[in-house]
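To start, the structure itself, in structure tokens.
The values are calculated or read from the model by the stated rules, or taken from the named source; none is laboratory data. In this text the structure is predicted, and so the values were computed from the model without any measurement. Reconstructed Cβ throughout: ideal geometry from the backbone, glycine too, with neighbour counts over all protein chains shown. For the accessible areas, the whole protein counts, side chains as well, though only heavy atoms, and no ligand, DNA or RNA atoms are used. Shrake-Rupley method; radii C 1.70, N 1.55, O 1.52, S 1.80 Å.
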Amino acid sequence: MDNTLLNFALEIGLFSLLGILYYFYQKRKILKYEENKTPLVMSFILQSCLSEKLDTAQPELDHVIEALDDFLKQESSHPPVSLLKTFAQTSECSPDLKEVILEGLKELEL
């Protein structure tokens, strides 16, 4: 009987320790993701803008692409949120690109 209780206590202790270690591992992963979320979302928006770009001149879209590129290259310290919001409201922005931009900004909660 004593041996069974000791084994049970050891198993509970071992599983508790493993649970605590897993908690801290997941917490670190989530914090690292949150830290890198802005560049990740901005790069996705940039890729979407580049795929929408046509051979014809689109000065507003070019300006958005340059601003996003500057942010991702760390030449600018702040993401071009206001520029993206205004561009999404213009007629030059396609509905698909508008949806991508607004969902990206919603994800960032900016």
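Taking Cα centroids, how far is region 54-73 from region 90-110 in Å? The two parts, judged by their Cα centres, are 15 Å apart. Helix 2-35 against the longest principal axis of the chain: what's the angle in degrees, Cα atoms only, rounded to the nearest 10? On a 0 to 90 degree scale, this one is about 10. Each residue of region 75-91 was assigned a 3J(HN,Hα) from its phi angle through the Karplus expression (A = 6.51, B = -1.76, C = 1.60, θ = phi - 60°), giving 7, 10, 8, 10, x, x, 5, 5, 5, 5, 5, 5, 5, 5, 8, 7, 7 Hz with x at Gly and Pro. The charge dipole of region 33-110, taken about its Cα centre with unit charges on the Cβ of Lys, Arg, Asp and Glu (plus for the first two, minus for the last two), comes to roughly 120 debye. Which one, VAL64, ILE101, GLN74, projects farthest toward the positive side of the charge dipole computed for the chain from Cβ point charges (K/R +1, D/E -1)? Checked the options; the winner is GLN74.
Expressed as a whole percent, the accessible surface of the chain that belongs to carbon and sulfur atoms is 60, based on a 1.4 Å probe. Taking one equal scatterer on every alpha-carbon of the chain, how large is log10 of I(q)/I(0) by Debye at q = 0.10, 0.20, 0.24 1/Å? With no solvent term, the Cα-only Debye profile gives -0.45, -1.01, -1.28. Rolling a 1.4 angstrom probe over the protein heavy atoms with all chains in place gives region 27-110 an accessible area of 69 Å² per residue.
Counting only alpha carbon atoms, the long axis of helix 37-52 and the longest principal axis of the chain meet at about 40°. Pairs exceeding a 22 Å alpha-carbon distance, out of LYS53/LYS98; LYS29/LYS98; LYS29/LYS73; LYS32/LYS53; LYS32/LYS106; LYS37/LYS106: LYS29/LYS98; LYS29/LYS73; LYS32/LYS53.
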